[in-house]
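Below is one structure, written out as structure tokens; the observations come after it.
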Amino acid sequence: MRLHLIIPVLNEATNLRDLLPFLQAELSGNGRITIADGGSTDDSAAVIAGIPGVRHLQCRQCGRARQMNEAAWQDLDQFDAVYFVHADTRPPRGFYQDIAASIAAGYPVGCYRFKFDQWHPLLAINAFFTRFNGLACRGGDQSLYLSAAAFRALGGFRDMRIMEDYDIIQRTWARAFPFRVMPRSVTVSARKYRANGWLRVQLANLTVFRMYKAGAPQEAMIVKYREMLKPWN
């Protein structure tokens with residue numbers, strides 16, 4: 001199986017330094033890693049250049065959905081599956097084998113559970129619920145794989161500035177593609193919680209999720225999220 005691993009970034013040099021060597025070693029020549037860059041002004045380009053074989057795509061437009069789409073649609077025919085990973089997320093060892101086995105078992109779309117890079121009882125509650133296959137338990141931090149055929153049939157991500165991962169999962173279910181939550185966890189940075197506190201992040205997530213379900217405009221959700229949380233990068 002040829003896997004295209006895509007990481008959308010904007011000023012994520014610090015995370016990429018540790019993440020890229022790990023991903024490249026795990027992928028072990030069974031595909032390609034593309035950094036879909038929305039216009040970084042930090043040292044991302046130098047970090048990427050230091051890892052042979054990693055493609056640095058300077059995207060035409062910033063925005064995670066746009067960046068992921070631009071990278072995925074290019075050369076889609078050369079790959080059997082696409083795998084979207086956030087820069088502050090580390091998949092488990094053996095992720096390539098997990099995805100290959102899951103697709104072979106009849107699940108063209110899926111994700112992992114997650115755990116945080118620090119332990120706290122309230123963060124452990126968040127992590128526990130990611131084992132359930134419900135929309136409120138999902139999110140881009142869990143990383144998402146799609147077979148090339150499924151990505152093509154869904155038309156990729158919609159041109160959304162927020163909640164694009166929820167939207168594509170909903171469309172996956174609407175098309176009756178079998179979806180699997182794989183029984184292992186990615187490790188996610190708790191930086192947003194360290195900067196804002198558990199309760200504030202939970203309230204912001206719940207507020208924006210309810211707005212999304214009610215059909216709120218994209219800009220309104222973005223404004224509300226920025227009102228409720230301070231930057232965490």
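The values are calculated or read from the model by the stated rules, or taken from the named source; none is laboratory data. Every value quoted in this text rests on a predicted model; they were computed, and no experiment measured them. Here Cβ is always computed from backbone atoms with ideal geometry, including for glycine, and neighbour counts include all displayed protein chains.
Overview of results
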| item | result |
| --- | --- |
| Scope the range 97-134; condition outside any loop (DSSP other than H, G, I, E, B), touching a helix residue (DSSP H, G or I) at 6+ places or on another chain (Cβ under 6 Å) and in contact (Cβ under 8 Å) with a residue 12 or more places away in the chain; matching residues | V109, G110, C111, Y112, F114, K115, F116, L122 |
| Positions within the range 197-233 being part of a helix (DSSP H, G or I) and either in contact with a Cys (Cβ under 7 Å, 6 or more places away or on another chain) or within 18 Å of A127 (Cα to Cα) (or both), in sequence order | W198, L199, R200, V201, Q202, L203, A204, N205, L206, F209 |
| Residue selected from the range 117-147 under the condition of a type in the set (A, V, I, L, M) and surrounded by fewer than 21 Cβ atoms within 10 Å (Cβ to Cβ), by the criterion farthest from T172 (Cα to Cα) | L122 |
| Odd one out for A149 among (1) over 25 Å from L3 (Cβ atoms); (2) in contact (Cβ under 8 Å) with a residue 12 or more places away in the chain; (3) in a helix (DSSP H, G or I) | (1) |
| Cross-chain or 6+ apart pairs with Cβ under 8 Å, the range 155-182 first and assigned by TED's automatic domain parsing to the domain that holds G215 and on the phi > 0 side of the Ramachandran plot, then surrounded by fewer than 16 Cβ atoms within 10 Å (Cβ to Cβ) and not in a strand (DSSP E or B) | none |
| The range 206-223 residues that are not assigned by TED's automatic domain parsing to the domain that holds A65, paired with ones that are modelled with pLDDT under 95 and small (G, A, S) (beta carbon under 7 Å, 6 or more apart) | F209/A136 |
| Matching residues, the range 39-65, being within 14 Å of A13 (Cα to Cα), in a helix (DSSP H, G or I) and touching a residue at least 24 places away in the same chain (Cβ under 8 Å) | S44, A46, V47, I48 |
